[in-house]
1. So, in segment 130-159, of the ones that are basic (Lys, Arg) and outside any helix (DSSP H, G or I), which residue ends up nearest to residue 110 (Cα to Cα)?
2. Quick check on residue 139: is it without any contact (Cβ under 8 Å) to a residue 60 or more places away in the chain and closer than 28 Å to residue 70 by Cβ?
3. Looking only at residues that are among the small types (Gly, Ala, Ser) and assigned to a loop (DSSP other than H, G, I, E, B) in segment 3-41, which one is farthest from the chain's Cα centre (by Cα)?
4. Pull up segment 101-117, narrow it to residues that are hydroxyl-bearing (Ser, Thr, Tyr) and more than 11 Å from residue 85 (Cα to Cα), then point me to the one that is surrounded by the fewest Cβ atoms within 10 Å (Cβ to Cβ).
5. Please find, among 91, 73, 115, the residue that is over 15 Å from the mean Cα position of the chain (by Cα), under 21 Å from residue 61 (Cβ atoms) and hydrophobic (A, V, I, L, M, F, W, C).
6. When the residues of segment 122-136 are filtered to those that are in contact (Cβ under 8 Å) with a residue 24 or more places away in the chain and under 26 Å from residue 91 (Cβ atoms), which remaining residue is surrounded by the fewest Cβ atoms within 10 Å (Cβ to Cβ)?
7. What residue, among those in segment 42-70 that are farther than 18 Å from residue 121 by Cβ and of a type in the set (Val, Ile, Thr), is farthest from the chain's Cα centre (by Cα)?
8. Are any residues in segment 96-131 under 16 Å from residue 3 (Cα atoms) and among the polar types (S, T, N, Q), and if so, which ones?
Amino acid sequence: MTLKGTVHKYARDNIDTDVILPGPYLKIHDHAELAKHAMEGVDTDFPKKVSKGDFILAGNNFGCGSSREHAPIALSHCGIAAVLAPSFARIFYRNCVDGGYLLPLEVEKTTLEQISDKDILQIDIEKNQINDLTNRKNFSISPFPPLIKKIIDSGGLMYYKE
């Protein structure tokens with residue numbers, strides 16, 4: 001699987017689910033409507049900047065806070081294909097994978113420092129490689145554990161069969 005898109009960089013650590021999708025929107029069940037409020041606590045113009053297949057590049061512990069699966073739903077329906085970060089809150093990571101919403105890709109802190117906002121990336125999931133097409137640099141991503149990879153390849157936990 002190969003992904004290509006633009007980076008939206010929010011390099012701070014501990015971006016929590018309350019800013020990814022603020023609490024007042026949790027009663028919304030329409031995924032397209034949720035997408036209009038993605039990252040509202042960090043960048044109110046975020047949904048207008050994103051195109052289908054784009055990426056978020058963020059700091060450590062992305063998705064911490066409450067266990068709301070609304071956060072990865074809003075990001076994916078906004079157009080985000082993957083979030084790249086040195087680490088993720090475990091519940092956010094599993095919500096992304098289990099729901100089949102988007103890919104949580106773990107990268108080194110040095111990768112975060114070398115990729116800029118608006119860079120164009122091509123990511124090869126099978127080779128665990130990022131190609132920064134803007135700066136002509138290559139980086140690695142951590143491979144998924146075997147079970148997680150099987151769930152991702154199935155399209156989410158609901159479609160996974162042993």
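None of the figures in this text is laboratory data; all of them are computed from the coordinates on show. Note that this is a predicted model, so its numbers are computed, not measured. No Cβ is skipped: glycine too gets one built from the backbone with ideal geometry, and neighbour counts run over all protein chains shown.
1. Checking each candidate, the answer is 137.
2. Criteria not met by residue 139.
3. Here the residue is 41.
4. Here is the first cut: in segment 101-117, the residues hydroxyl-bearing (Ser, Thr, Tyr) are 101, 110-111, 116.
The next check asks that each one be more than 11 Å from residue 85 (Cα to Cα); those that pass are 101, 116.
Details: 101: 21, 116: 13.
Step by step, filter segment 101-117, then rank; the result is 116.
5. None of the other options fit; the residue is 115.
6. Selected residue: 125.
7. 44
8. 122, 128, 129, 131
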